[in-house]
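Asks: Starting off with a structure, shown below.
Rule-based calculations on the coordinates, nothing more; no lab input. Values in this document were obtained by computation on a predicted structure and should not be read as measured data. Cβ coordinates were reconstructed from backbone atoms using ideal geometry, including for glycine residues, and neighbour counts include every protein chain displayed.
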Protein chains: 2
Amino acid sequence: MRILVLGGDGYCGWPTALYLSRRGHDITIVDNYCRRSWDHELGAQTLTPIRPLTERVRTWQRLTGKEIEIRVGDILDYAFLAEVMQESAPEAVVHFAEQRSAPYSMIDRQHAVFSQVNNVVGTLNLLFAIKEFQPDCHLVKLGTMGEYGTPNIDIEEGFIKIQHNGREDVLPFPKQPGSFYHLSKVHDSHNIHFCCKIWGVRATDLNQGVVYGTVTDETALDEALVNRFDYDDVFGTALNRFCVQAAIDHPITVYGKGGQTRGFLDIRDTVRCIELACLNPAGRGEFRVFNQFTEQFSVLQLAEMVHVAGQRLGLNVTIDHLPDPRVEAEEHYYNAKHTKLAELGLKPHLLSESLLDSLVNIAMQHRDRVDQSLLLPRVNWRNSRNDRRAKPVVAVAAD
Amino acid sequence: MRILVLGGDGYCGWPTALYLSRRGHDITIVDNYCRRSWDHELGAQTLTPIRPLTERVRTWQRLTGKEIEIRVGDILDYAFLAEVMQESAPEAVVHFAEQRSAPYSMIDRQHAVFSQVNNVVGTLNLLFAIKEFQPDCHLVKLGTMGEYGTPNIDIEEGFIKIQHNGREDVLPFPKQPGSFYHLSKVHDSHNIHFCCKIWGVRATDLNQGVVYGTVTDETALDEALVNRFDYDDVFGTALNRFCVQAAIDHPITVYGKGGQTRGFLDIRDTVRCIELACLNPAGRGEFRVFNQFTEQFSVLQLAEMVHVAGQRLGLNVTIDHLPDPRVEAEEHYYNAKHTKLAELGLKPHLLSESLLDSLVNIAMQHRDRVDQSLLLPRVNWRNSRNDRRAKPVVAVAAD
């Protein structure tokens, strides 16, 4: 299958491109390297050293004989996107090309506006490009479980049957997103749903949970294929950050009570879910939503699991509760359905002791690359201006 | 009360500014005249000749002794908006400053992107300006009944109690908007709701129905105060267009079967609803939604009422059914609640024979200003490019 992977240099996009390539699909990566530039902006870097995309792709070809094409550009540039769409004539477009960090979107007005314009206009451009140049192409869009927020009822996959005053209808599940970033994904979902209705676009919206891990069978083949591992306060996800904190003897930073419960999945399941969506496309005009996660945990449960893993590895792990920098329920009901991808054949990699150990081991291996000034949250939802780009905290190393 | 009226030169904004000024409020109008520039773009003009805003405001002061301040600028320019917010220190901001036409947003990709970026970023800027400079100020935001679409259940005012698998919650009413414009309003609603939650903003989202009429007590005081009356295919609303068609012996153009049912209200009720919202502000952190309309009609019912009014006035009115240029249900259930503004004291001006007669009379009075090439729909939802700015249809007048 001819597949475009937009954002194919990123944390989920890169292993997805490799996985799909190994499975025999014909892959073109589109990326503008903005993820790497945000690292510069924030004074952060991935814990695992990553190589330039060109080197990554050359190595992949050397090892497997499989070619991955690269198109460098921004999907906000419609002329560029239109050219790519016509030249590569994809059967599926996997769309990871968005600003994906909630804290980044909450830094200040500029970052809020950037996140929403970047994500919404990029997706609008893509919808128009599909309609104009490749109308039968299947859009596989990354959404987020965070679109739903934490309602006091079970979360369904995209739609819910509502009975009201003696009548009923199946309607989009109500959305209560918790950051300007999450809001941008809700805006996207509404825009995509509408384009399916008016133009017959085929679309699958994958409401993904929080992804953990970094290694897949493909990225493990060579050092040049290594994937990102983000642990900083802006782009790092909870479990990765906890593992790094454990590895360097820094208290694990749980925000608030830690009862915040979310859906999680292993990066190896992310790549498989994408392929399952591509192989089983939505029908013409169908807007389909899958909840893409495998297990629910509270943040405190994750912290406790890392605590235990750290003890197994001889580390002295403590857990700190910080005031929650986000505005969110710290204790709540949470029960989200996630059966549709399983029905298509997903066999989940559940969070095991051995995986936790391997994550902490990766963190220990790259201990010398950890910048401690990036571990504590510096973006508070209650402020409209956070000095995230203020003078960095200078940690003077003892001799 | 000190009130900012953003978009105060437009069809709803201008009569609102006058009404609030007459009622003793201290009014500042903010406008960038984009509505007038869209007329140039589309080769259209209001049926009723309108004066420059400066002349409008001078006349108002001469007649009533009341001053209205004007600030010319774009709310997408945050430095400008921040200055206005600090200098005028409003207790309420009435936000009409959006691109408000569904067909305009559906012309092509550029217009879709413009409509969403303009509306979403303008509202985001306003939310940040309120948070930073005037946190107690009440945001009165114009939404639209079109955010809800046409679900097969009763439409509530913003929120609905949902019972599901033995649990229940009150959640945002699911949205099914029908154009890129309507989508922009849904995006706004989600953004505003979130800012109420994180920053304690006070907000009232007025989901307004289709407004008809042009005259209020204030605009009737002088020719220089006359309000817009749009009848063209892009900015004209159904009832206004029908009256113009009746006046010039052009068939009334009903899209499809005409069973499309919507909420409607008189412009005199619009201005009163705005004042009611201002006088009864939302609490700190409250996101309140009012459905702002007074009666439901199907498009065909409106056409038939104009048909009857035309006969009373000696006109020969016929009704045509055109293929619907929009993608929408042409027959559907529709029952939307609208009790909250009535509870605050709204006494509706229902659509009467005398009002219909007066609308047709306005159209007859300005018959010579009607451009017939603007009456038929030229923006089709099924196309991603509509040549709305193509060569105008040249109608040669007979001597």
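Asks: Separation of the stretch B:241-303 and the stretch A:293-315 by C-alpha centroid, Å?
Replies: 56
Asks: List, in order, the whole-Hz ³J(HN,Hα) value for each residue of the stretch A:168-183 obtained from phi through the Karplus relation with A = 6.51, B = -1.76, C = 1.60 and θ = phi - 60°; use x for Gly and Pro.
Replies: 8, 7, 9, 10, x, 4, x, 10, 9, x, x, 6, 4, 5, 4, 4
Asks: Would you mind ranking B:Thr237, B:Thr216 by Cβ crowding within 10 Å, fewest neighbours first?
Replies: B:Thr237, B:Thr216
Asks: In the stretch A:219-260, whose amide N lies under 19 Å from the spot 7 Å out along Cα-to-Cβ of A:Val72? List them in ranges.
Replies: Label zone hits: A:225.
Asks: Is there a simple number for the mean count of other chain Cβ atoms within 10 Å of the Cβ of residues in B:322-329, and what is it? Before the final figure, lay out the partial values.
Replies: Values: counts 0, 0, 0, 0, 1, 4, 2, 0.
If you average over the peptide's residues, the count of other-chain Cβ atoms is 1.
Asks: Can you tell which of A:Leu300, A:Leu315, A:Leu375 shows the greatest fluctuation in a Gaussian network model of chain A with Cα springs below 10 Å?
Replies: With Cα springs under 10 Å in chain A, the top fluctuation among A:Leu300, A:Leu315, A:Leu375 is at A:Leu315.
Asks: Still on this structure, I have one more. Dipole of the stretch A:225-375 (Lys/Arg Cβ +1, Asp/Glu Cβ -1, origin at the Cα centre): which of A:Leu351, A:Ile362, A:Ala309 lies farthest to the positive side?
Replies: The residue sitting farthest along the positive end of the dipole is A:Leu351.
Asks: For B:Ile160, which sequence-distant residues (separation of 5 or more, or a different chain) have an amide H within less than 5 Å of its own amide H, given hydrogens modelled in the peptide plane?
Replies: Long-range HN contacts for B:Ile160: B:Leu171, B:Phe173.
Asks: Before anything else, pin down the relative contact order of chain B: Cα pairs under 8 Å, at least 6 apart, normalised by residue count, whole percent.
Replies: Numbers: 799 pairs, mean separation 79.2, N = 399.
Taking the mean separation of contacting Cα pairs over the length of chain B, I get 20 percent.
Asks: Further question on the same structure: Using modelled backbone amide H atoms (1.01 Å from N, in-plane), which distant-in-sequence or interchain residues come within less than 5 Å of B:Glu295's amide H?
Replies: Under 5 Å from the amide H of B:Glu295 lie the amide H atoms of B:Phe264, each far enough along the sequence or on another chain.
Asks: Show me the ranking of peptides A:92-101, B:290-299 by mean Cβ neighbours inside 10 Å, starting with the highest.
Replies: On the way: A:92-101: 26.1, B:290-299: 22.1.
Result, highest mean Cβ count within 10 Å first: A:92-101, B:290-299.
Asks: Taking neighbour counts of Cβ atoms within 10 Å as a proxy for exposure, in what order, fewest first, do A:Asp320, A:Asp357, B:Asp205 appear? Could the numbers behind the result be given before it?
Replies: Numbers: A:Asp320 12, A:Asp357 15, B:Asp205 29.
Ascending Cβ contact count within 10 Å gives the list A:Asp320, A:Asp357, B:Asp205.
Asks: Show me the trypsin sites (Lys or Arg not before Pro) within the stretch B:161-261 that DSSP assigns to loop and that have at most 11 other Cβ atoms within 10 Å of their Cβ. If you can, show how the numbers build up before the last one.
Replies: On the way: sites: B:Lys161, B:Arg167, B:Lys175, B:Lys185, B:Lys197, B:Arg202, B:Arg228, B:Arg241, B:Lys257; in loops: B:Lys175, B:Arg228, B:Lys257.
Filter output for the stretch B:161-261: empty list.
Asks: Using the count of nearby Cβ atoms within 10 Å as a rough guide to exposure, how do B:His111, B:His307 rank from fewest to most? Walk me through the numbers before you get to the answer.
Replies: Values: B:His111 23, B:His307 16.
The fewest-first ordering by Cβ neighbours comes to B:His307, B:His111.
Asks: Hey, for B:His349 with labels 7 Å out along Cα-Cβ, what do the inter-copy distances come to in nm, ordered shortest first?
Replies: Sorted ascending, the copy-to-copy spacings read 6.7 nm.
Asks: Can you give me the C-alpha center-to-center distance between the stretch B:26-88 and the stretch B:161-181, rounded to a whole angstrom?
Replies: Here the answer is 37 Å between Cα centres.
Asks: Hey, any idea what Rg/Rh is for the protein assembly as shown, computing Rh the Kirkwood way over Cα pairs? Please list the in-between numbers first.
Replies: Values: Rg = 28.1 Å, Rh = 28.1 Å.
A ratio of 1.00.
Asks: Where the label is 7 Å out from Cα toward Cβ, how close does B:Gln301 come to the same position in every other copy, in nm, shortest first?
Replies: 5.2
Asks: Kindly provide the trypsin sites (Lys or Arg not before Pro) of the stretch A:260-318 that DSSP labels as loop, not H, G, I, E or B, and whose Cβ sees at most 14 other Cβ atoms within 10 Å.
Replies: A:Arg284
Asks: Could I ask something else about it? Through the Karplus equation 6.51 cos²θ - 1.76 cosθ + 1.60, θ set to phi - 60°, convert the phi angles of the stretch B:89-105 into ³J(HN,Hα) values in whole Hz; use x for Gly and Pro.
Replies: 6, x, 8, 9, 10, 9, 10, 9, 7, 10, 6, 10, 9, 5, x, 4, 6
Asks: Specify, for chain A, the residue whose C-beta is closest to the rotation axis mapping it onto chain B, with the distance given in whole Å.
Replies: A:His187, 2
Asks: If you count, for every residue in B:378-384, the Cβ atoms of partner chains within 10 Å of its Cβ, what is the mean?
Replies: Working: counts 0, 0, 1, 4, 4, 4, 10.
Mean number of neighbouring Cβ atoms from other chains: 3.
Asks: Counting DSSP beta bridges with both partners in the protein assembly as shown, what percentage is antiparallel, nearest 5?
Replies: Values: 22 of 100 bridges.
Rounded to the nearest five, the antiparallel share is 20 percent.
Asks: The stretch B:316-391 to the stretch A:319-385: how many Å between their Cα centroids?
Replies: 52
Asks: To the nearest 20 debye, what is the magnitude of the charge dipole of the stretch B:193-237 about its Cα centre, counting +1 on the Cβ of each Lys and Arg and -1 on the Cβ of each Asp and Glu?
Replies: Approximately 520 debye in magnitude.
Asks: Also: For A:His138, what residues show an amide H to amide H distance below 5 Å, using hydrogens built from the backbone and excluding near sequence neighbours?
Replies: Counting only residues 5 or more places away or on other chains, the set is A:Ala92, A:Val93.
Asks: Sticking with this structure for a sec: Can you list the HN-Hα couplings for the stretch A:280-291, worked out from phi with the Karplus curve (6.51, -1.76, 1.60; θ = phi - 60°), rounded to whole Hz and with x for Gly and Pro?
Replies: 3J(HN,Hα) across the stretch A:280-291, in whole Hz: 10, x, 5, x, 4, x, 8, 10, 10, 10, 10, 8.
Asks: Same structure again: Relative to the Cα centre, what is the charge dipole magnitude of chain B, using +1 at the beta carbon of each Lys and Arg, -1 at the beta carbon of each Asp and Glu, and rounding to the nearest 20 debye? Can you show the working numbers first?
Replies: Details: 42 positive and 51 negative charges, 78 e Å.
Here chain B has a charge dipole of around 380 debye.
Asks: If I build a Gaussian network model for chain B, linking alpha-carbon pairs within less than 10 angstrom, which residue out of B:Asp371, B:Asp217, B:Asp169 has the largest mean-square fluctuation?
Replies: Looking only at B:Asp371, B:Asp217, B:Asp169, the largest GNM fluctuation is found for B:Asp169.
Asks: Would you calculate the separation in nanometres between label points at A:Lys161 and A:Met305, each defined as 7 Å from the Cα along the Cα-to-beta-carbon direction?
Replies: 3.4
Asks: Rounded to the nearest 20 Debye, what is the dipole magnitude of the stretch B:140-250 about its Cα centre when Lys and Arg each give +1 and Asp and Glu each give -1 at the C-beta?
Replies: In total the dipole reaches around 620 debye.
Asks: Can you give the average number of partner chain beta-carbon atoms within 10 Å of each beta-carbon in peptide A:151-158, as a whole number?
Replies: Numbers: counts 8, 7, 9, 4, 1, 2, 0, 0.
Rounded to a whole number, the mean comes out at 4.
Asks: Additional query: How far is A:Gly314 from itself in the other copies, in nm, if each label sits 7 Å out from Cα along the Cα-Cβ line, shortest first?
Replies: Going from nearest to farthest copy, the values are 10.6 nm.
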